[in-house]
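> Can you keep this structure in mind? I'll have questions shortly.
The values are calculated or read from the model by the stated rules, or taken from the named source; none is laboratory data. Predicted, not measured: the structure shown is a model, and the values here were computed from it. Here the Cβ positions follow ideal geometry from the backbone for every residue, glycine too, while neighbour counts run over all protein chains shown. With ligands, DNA and RNA removed, areas are computed over all heavy atoms of the protein, side chains included. Shrake-Rupley method; radii C 1.70, N 1.55, O 1.52, S 1.80 Å.
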Amino acid sequence: MPRPSGERADADADVVPVADLADPAWVRDVSERTEIPERVLAGYAGASLRLAELEPECGIGWNTLAGIGAVESLHGSYLGAGVGADGTVSPPIIGVPLDGSEGVMEIVDTDDGELDGDTEWDRAVGPMQFIPTTWESYAQDGNLDGRADPHQIDDAALTAGLYLCRRGGDVTTDDGWAAALASYNRSVSYAHEVADLAESYGA
């Protein structure tokens, strides 16, 4: 999957928030073409660039992260939510209870409701829809504010990318990409939808 062009020349010189890594002109142009909000796109692209340093064997593309973000939360806009200038999604996007009902996994509460506000069942949270156990294991601080927040797009995109890399290995291969997506969501139709979106975004 393609990477954003126009990476900042000083991206490797200092650690900076992921949203500052992609060239602003590239972000504007691609946002206009794809209709992905600029602030969200900066998070996806920056996460991909940061992971090129952290997980160089992975090859995760910004457009794969964008495909997931589109399916999971409409790029942080699900049910009227929006992404602020600081990258925080408000109001928070909280998924349905994972109570084993039709079409839903059963995951009894694992975090005493700390992340999702539900002390009976786990729920997926944030623009990339993490369940509490996954967030606990992989959470990243993409905007360098000192905490990892699943409702902040930079943190969520970087965490999603790291998770996919760790689960899929080299995701530039068909097998690696498929393994990564299957770990995120086992649905074959989900993988096809993300793949179609990623391809259209990266075209």
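> So if I place +1 on the C-beta of Lys and Arg and -1 on the C-beta of Asp and Glu, and nothing else carries charge, what would the dipole magnitude of the chain be about its Cα centre? I want it in debye, nearest 20.
The calculation lands at about 500 debye.
> Could you check how many percent of all C-alpha pairs in the chain are farther apart than 31 Å?
Tail fraction, whole percent: 12.
> Before rounding to the nearest 500, sum -39500 (n - 2.57) across all DSSP H runs of length at least 4 in the chain and divide by the residue total; then give [θ] at 222 nm in deg cm²/dmol.
The helix contribution divided over the chain gives -14000 deg cm²/dmol.
> Work out the length of the dipole vector of the range 123-203 about its Cα centre, built from +1 on the beta-carbon of each Lys and Arg and -1 on the beta-carbon of each Asp and Glu, and round it to the nearest 20 debye. The partial results should precede the final answer.
On the way: 5 positive and 12 negative charges, 62 e Å.
My answer is approximately 300 debye.
> From largest to smallest, what semi-axes in whole angstrom does the range 76-131 give when each is the square root of 5 times an eigenvalue of its alpha carbon gyration tensor?
They are 23, 12, 7 Å, listed from largest to smallest.
> A further question on this structure: Probe of 1.4 angstrom, ligands and nucleic acids ignored: what's the accessible area per residue over the chain, in square angstrom?
Result: 47 Å² per residue.
> While we're on this one: Excluding C58 itself, what net charge comes from residues whose Cβ is under 11 Å from its Cβ, given Lys and Arg +1 and Asp and Glu -1?
Local charge sum for C58: -2.
> Additional query: Quick one: pull the percent of accessible area on the chain belonging to carbon and sulfur, 1.4 Å probe, ligands and nucleic acids left out.
Reported share for carbon and sulfur atoms: 49 percent.
> How much of the calculated P(r) for the range 143-203 lies past 14 Å, in percent of all Cα pairs?
Tail of the P(r) past 14 Å holds 62 percent of the pairs.
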